[in-house]
Amino acid sequence: MQQNHTNINLDELSTGHIKGVVLAFPHLRTLVQRQLDDMGDGLQCHVMAQLDASSDHFPFLRKTIDAAHLWRWRFRGRHADADYHHEAADTIDKLNVRELKEYVGQMARLLIRLSHQPPEIWPDNPLTEETVRQRLEDERGTVVRVY
């Protein structure tokens, strides 16, 4: 049995209400969406249309380790003061504590649910490092579409 690993990128804390989870590879979508549905918060699981080579999770993708991040940015509800990324103006005063608590609570609930799923129902990732390399090559030079 193939070992399944997933990297969860916890960027974009407190930048707007959480909408759901975004995966890089599709094999876990049904499993994750089932957990989100059971949570009853209206969260959705999406799969990235293209691999994002600029993100912190890119080294994991290259090794076929799926990467997930919470879906919240680029949508209505994003805070105007949250448009900072790894720069000097990205400071603690922009943190929305209420939303951070929501973020942590929903992520904890999802992780607890996933941790209780038996290993045999977790689908194997059918991708290989070569198929990921080829996909990256095919996507080179195209406009990045995340969803």
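The values are calculated or read from the model by the stated rules, or taken from the named source; none is laboratory data. The structure presented is a predicted model; accordingly, all values stated were derived computationally and were not measured. FYI the Cβ positions are ideal-geometry reconstructions off the backbone, even for glycines, and counts take in every protein chain you see.
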Out of (1) at pLDDT below 90; (2) at negative phi, what's the single condition that is false for Trp122?
-> (1)
Can you spot a residue in segment 49-67 that is among the β-branched types (Val, Ile, Thr) and either assigned to a helix (DSSP H, G or I) or loosely packed, with under 15 Cβ neighbours inside 10 Å (or both)?
-> no
Tell me which residues, restricted to segment 3-31, are modelled with pLDDT of 75 or more and among the polar types (S, T, N, Q).
-> Thr6, Asn7, Asn9, Thr30
Identify, please: which residue in segment 80-119 is in contact with a Ser or Thr (Cβ under 8 Å, 6 or more places away or on another chain), part of a helix (DSSP H, G or I) and modelled with pLDDT under 80 and is, among those, farthest from Lys19 (Cα to Cα)?
-> Lys94
